[in-house]
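The values are calculated or read from the model by the stated rules, or taken from the named source; none is laboratory data. As the structure is a computational prediction, the values presented were derived from the model and not from experiment. Cβ coordinates were reconstructed from backbone atoms using ideal geometry, including for glycine residues, and neighbour counts include every protein chain displayed.
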Amino acid sequence: MSVENIQCPVCQSGSKPAKAASLLNIVKDDLKHLILDESYFFCCNSNCEVIFYSEDYEKTFLLEDIKLTAEMPETSGCGCNSKKDGCNKGCCSK
């Protein structure tokens, strides 16, 4: 499966690659044991409850699984501010 074809398993929006090391810094401590050295993706839809998921869709991390929820900026995984200004990179309009 190519990276361009990976879509969120819940909302079917586009996604961006995310490194397992990044997830380890964001996911709640009691869920870190689920994170393996494999491919993960960040859902670009800021209205979706899914934040990260594995390429094989076996692991899905929701907003409630993230320990930095209150401090997370309102940007998508691509760095655009899609809530405020709309996506300026084209990845979040899918």
Notebook entry, point to check: Can you pull out the residues in the range 1-24 that are modelled with pLDDT of 90 or more and loosely packed, with under 14 Cβ neighbours inside 10 Å?
Noted result: Q12, P17, K19, A21, L24
Next item on the list: Please work out if L34 is closer than 13 Å to Y53 by Cβ, hydrophobic (A, V, I, L, M, F, W, C) and either exposed (fewer than 15 other Cβ atoms within 10 Å of the Cβ) or more than 15 Å from the chain's Cα centre (by Cα) (or both).
Entry: yes
